[in-house]
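**Q** Got a structure for you, written out below as structure tokens; questions coming shortly.
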Amino acid sequence: MNDDLGFQLLLYIKDNGAHTATELSEVFNIKRTTLLYQLNFLIEKKLVDKEKKGREVYFKINSLSSIESYFRDKIDILNSQLDKLVLDTTKLNRKLVVIADDFGLTKSISDGCLVAYNSGIISELALILNSNGTKYALDKIIEANIRNVGLNFEYEFANNEHISQTEAINSIKSGIFNFQKDVGFKPSSIYLAKELYLRLEILEEIANYCKENSISLRLPKIINQNKSENYAAEVMMNRVGVKTTDFNTTFEKTFSIYKLKNNILNILNNIEENKSLEINLSPGFIDRETVELVDQIIDRGKHLVISIDNELEEEIKKLNYQIVSFNQL
Amino acid sequence: MKKKVIVTASDFGLTKPVNEGIKWIIHNPNNILTELSLVVNAPGSEHAAEMAKTLNVNVGTCFNLTRFKPISDQVATLTKENGEFYKPDLGKWDFSFIEKFKEEEIKRELEAQYKWFLEKVNKKPTSIRFRKNENGDPKILKPVAEIAKREDIAMATPVWIWRENFSAHNFAKEKGVKLTDHVIITSPGWAHENHSIAVDITKTDKLVETINQNNGISEVVIIAGFLDKELLEITKTLNWQRLIPIEVIKNGELSSRLKDEFELISFSDL
């Protein structure tokens, strides 16, 4: 039934008594065929009956009890649908942040990250500072008004494990400050280099700084899926209370896209309800500049392909995950 | 005496970034490519034809009856209603649409593609191949062998489902067409036991061993290119995989093995 028209017809006949189709089409100013379609539906549902008087056919209310019964049944169906919807919503209680990790490394990698962000499962871009594509990526952030952008300091401190605490902290703060100056908002998250995750004093100070500034601090990457390799860092971040995910993961190298997808889904399947997980991927298009400047080009192409794989996205949703950014944690 | 090997980059012309990736290999000190195979009707064909004029490498033509649009008019039996060629289901290796092709239309289109190459590249191709090895089917093989013989151009050894196709090979040979004795496809994803001509390009020892086991001249086909959005839209099965040869060339091991152990030649040397 066209709910509005069907209901209005029913109400009119109830309040004004039997009418012919011609009269009703004049009252409602609708075509006879549209009217008869609605009337036939009401007759089929036993809400309206027809009665022949001479040459005219009149449409009248069947009985009030049949109307009541019809609408009560409808309310029951709607209630049950609502219950299902509410239940389904409450099941969506695992959260997944999918990060594109090397946004800004080169232009073509940035373009790949943006495609994966705009039409794939990537929910957070992690910008590399001071790289060949950083300026380009910053322009894209401003142009498209993208808010889910964190900073990835991995390259800033690579192989610099003896950096002083003051120098490290100042460098991170100035990175955040400059980012905010360029784009007009704070980064949603930061990722430190492994060299800094190993330095608990530095980590604690940064965690406190992030907490005060409502910036998420990403967990240190783990290499081996079976054991936490950085317990002290994780527990310290937890004690400071800085916003982060409950778990993170990286993937072992595998040639097959199929195996990679299964690997992701197996990990997701094993996460408890009400927990959050970070997956970091490194999607990117590959051009001459990228081939000459960066490594792991095959994985970057592969990560791009799985980032925009609709089937994987559907499977993730079937596992009751909400794909969110750090801002939505 | 060292065995002779032709190393061909296929799909030159597919997209501009694929062309750029192939060019990057050619200009790399580890380059092993001796032949490019230019697809004549793809989005990057014109770009590749321009590039072909300046690259110091042999360029063959890759005829194509299974993707994009024909070059000639009046070839309705070769195309779907939208004017594009039928695309085979490679999972089932279903090329049954070839049954619909009229022989005169096949010839008309092949001649048009050949003419396109002459006009755009401004020289004769050094070899002829097909994008999906359509020349493994006698209906396509016969007219293409005629062109190869008439123009005295070598033809890539016809295969089928990434396996040898002996009768097709023999047919072309009997017609006096120049061919290699074997062809090896190096896309890693295709290298499994059912695909006797496929070898994973990252397995250097296996590739060298296969060339050594083959009698006569082998052609090693490389499917390389940079990755962009257009390529992702064109192909679901061979996009990021094209980066593998780029990384292999960058690494250099395969290049030095092939250069040291074999004589790298091109189709024009046959």
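The values are calculated or read from the model by the stated rules, or taken from the named source; none is laboratory data. From a predicted model like this one, the values you see are computed outputs, not experimental measurements. Note that we place each Cβ from the backbone using ideal geometry, even for glycine, and neighbour counts take in every protein chain shown. Surface accessibility is based on the protein's heavy atoms, side chains included, excluding ligands, DNA and RNA. Shrake-Rupley method; radii C 1.70, N 1.55, O 1.52, S 1.80 Å.
**Q** Quick check on the stretch B:84-101. Is at least one of its residues within 19 Å of residue B:158 (Cα to Cα), among the small types (Gly, Ala, Ser) and surrounded by 22 or more Cβ atoms within 10 Å (Cβ to Cβ)?
**A** Within the stretch B:84-101, not a single residue is within 19 Å of residue B:158 (Cα to Cα), among the small types (Gly, Ala, Ser) and surrounded by 22 or more Cβ atoms within 10 Å (Cβ to Cβ).
**Q** Here's a follow-up. For the stretch B:170-185, which residues satisfy the criterion of being within 14 Å of the chain's Cα centre (by Cα) and either open to solvent by 20 Å² or more (accessible area, probe 1.4 Å) or within 14 Å of chain A (Cβ to nearest Cβ) (or both)? Spell out how you get there, then give the answer.
**A** First, pick out the residues of the stretch B:170-185 that are within 14 Å of the chain's Cα centre (by Cα): B:179-180, B:182-185.
Listed by number, the residues that qualify are B:179, B:182.
**Q** A further question follows. Residues being open to solvent by less than 10 Å² (accessible area, probe 1.4 Å), of a type outside the set (Gly, Ala, Ser) and under 22 Å from residue B:132 (Cβ atoms): count how many of those fall in the stretch B:22-64.
**A** So the answer is 11.
**Q** Here are A:126, A:137, A:144, A:116: which of them is more than 14 Å from chain B (Cβ to nearest Cβ), aliphatic (A, V, I, L, M), touching a residue at least 40 places away in the same chain (Cβ under 8 Å) and under 30 Å from residue B:233 (Cα atoms)?
**A** Numbers: A:137 fails: touching a residue at least 40 places away in the same chain (Cβ under 8 Å); A:144 fails: touching a residue at least 40 places away in the same chain (Cβ under 8 Å); A:116 fails: more than 14 Å from chain B (Cβ to nearest Cβ).
The conditions single out A:126.
**Q** A further question follows. Would you pick out the residues in the stretch A:96-113 that are in contact with a Gly (Cβ under 9 Å, 6 or more places away or on another chain), aliphatic (A, V, I, L, M) and away from chain B (no Cβ under 14 Å)?
**A** Taking the stretch A:96-113 and keeping what is in contact with a Gly (Cβ under 9 Å, 6 or more places away or on another chain), we get A:98-100, A:102-113.
Those left that are additionally aliphatic (A, V, I, L, M): A:98-100, A:105, A:109.
Within the stretch A:96-113, A:98, A:99, A:100, A:105 qualify.
Condition check ((1) closer than 25 Å to residue A:198 by Cβ; (2) aliphatic (A, V, I, L, M); (3) in contact (Cβ under 8 Å) with a residue 60 or more places away in the chain) across all residues:
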position: A:148; (1), (2), (3): no, no, yes
position: A:158; (1), (2), (3): yes, yes, no
position: A:165; (1), (2), (3): yes, no, no
position: A:169; (1), (2), (3): yes, yes, no
position: A:175; (1), (2), (3): yes, no, no
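**Q** Sticking with this one: Could you run through the stretch A:140-162 and say how many residues are open to solvent by less than 70 Å² (accessible area, probe 1.4 Å) and part of a helix (DSSP H, G or I)? I'd like the intermediate steps shown before the answer.
**A** Filtering the stretch A:140-162 for residues open to solvent by less than 70 Å² (accessible area, probe 1.4 Å) gives A:140-141, A:144, A:146, A:148-154, A:156-158, A:160.
Remaining after also requiring part of a helix (DSSP H, G or I): A:140-141, A:144.
Residues flagged as open to solvent by less than 70 Å² (accessible area, probe 1.4 Å) and part of a helix (DSSP H, G or I) within the stretch A:140-162 amount to 3.
**Q** Could you count how many residues in the stretch B:189-220 are surrounded by 20 or more Cβ atoms within 10 Å (Cβ to Cβ) and under 17 Å from residue B:253 (Cα atoms)?
**A** 5
**Q** Here's something else I'd like to know. Six or more apart or on different chains, Cβ atoms under 8 Å: show the pairs whose first residue is in the stretch B:248-265 and touching a residue at least 24 places away in the same chain (Cβ under 8 Å) and assigned to a helix (DSSP H, G or I) and whose second is among the charged types (D, E, K, R) and open to solvent by 80 Å² or more (accessible area, probe 1.4 Å).
**A** Pairs that qualify, where the first residue is touching a residue at least 24 places away in the same chain (Cβ under 8 Å) and assigned to a helix (DSSP H, G or I) and the partner is among the charged types (D, E, K, R) and open to solvent by 80 Å² or more (accessible area, probe 1.4 Å), are B:261/B:2.
**Q** Something else now. Scan the stretch A:80-122 residue by residue and report those that are modelled with pLDDT of 80 or more, part of a helix (DSSP H, G or I) and either of a type outside the set (Val, Ile, Thr) or surrounded by fewer than 22 Cβ atoms within 10 Å (Cβ to Cβ) (or both).
**A** Step one: filter the stretch A:80-122 for residues modelled with pLDDT of 80 or more, giving A:93-122.
If we keep only those that are part of a helix (DSSP H, G or I) too, we end up with A:107-119.
Those that are modelled with pLDDT of 80 or more, part of a helix (DSSP H, G or I) and either of a type outside the set (Val, Ile, Thr) or surrounded by fewer than 22 Cβ atoms within 10 Å (Cβ to Cβ) (or both): A:107, A:108, A:110, A:111, A:112, A:113, A:114, A:115, A:116, A:117, A:118, A:119.
**Q** OK, next. Looking at (1) in contact (Cβ under 8 Å) with a residue 12 or more places away in the chain; (2) open to solvent by 10 Å² or more (accessible area, probe 1.4 Å), which one does residue B:147 not meet, given that it meets all the others?
**A** (2)
**Q** Among the residues of the stretch A:41-57, write down those that are touching a residue at least 24 places away in the same chain (Cβ under 8 Å) and either closer than 15 Å to residue A:5 by Cβ or part of a loop (DSSP other than H, G, I, E, B) (or both). Steps first, please.
**A** As a first pass, look at the stretch A:41-57 and keep what is touching a residue at least 24 places away in the same chain (Cβ under 8 Å): A:41-42, A:45-48, A:51, A:56-57.
Listed by number, the residues that qualify are A:41, A:42, A:45, A:46, A:47, A:48.
**Q** Test each condition in (1) open to solvent by less than 10 Å² (accessible area, probe 1.4 Å); (2) assigned to a helix (DSSP H, G or I) for residue A:195 and report the one that comes out false.
**A** Among (1) open to solvent by less than 10 Å² (accessible area, probe 1.4 Å); (2) assigned to a helix (DSSP H, G or I), the lone unmet condition for residue A:195 is (1).
**Q** Taking the stretch A:241-296 only, how many residues are of a type in the set (Phe, Trp, Tyr), over 29 Å from residue A:205 (Cβ atoms) and away from chain B (no Cβ under 14 Å)?
**A** Residues of the stretch A:241-296 that are of a type in the set (Phe, Trp, Tyr), as a first pass: A:247, A:251, A:255, A:258, A:285.
Applying the additional criterion that residues be over 29 Å from residue A:205 (Cβ atoms) yields A:251, A:255, A:258, A:285.
Checking the rest, the ones that are also away from chain B (no Cβ under 14 Å) come to A:251.
The qualifying residues number 1.
**Q** Go through B:216, B:225 for me and flag whichever is on the phi > 0 side of the Ramachandran plot and within 14 Å of chain A (Cβ to nearest Cβ). Talk me through it step by step, then tell me what you get.
**A** Working: B:216 fails: within 14 Å of chain A (Cβ to nearest Cβ).
Of the residues listed, the single one that is on the phi > 0 side of the Ramachandran plot and within 14 Å of chain A (Cβ to nearest Cβ) is B:225.
**Q** For the stretch B:207-257, how many residues are among the basic types (Lys, Arg), at pLDDT 95 or above, over 21 Å from residue A:106 (Cα atoms) and out of contact with any helix residue (DSSP H, G or I) (no Cβ under 6 Å at 6 or more places or on another chain)?
**A** Total meeting the criteria: 0.
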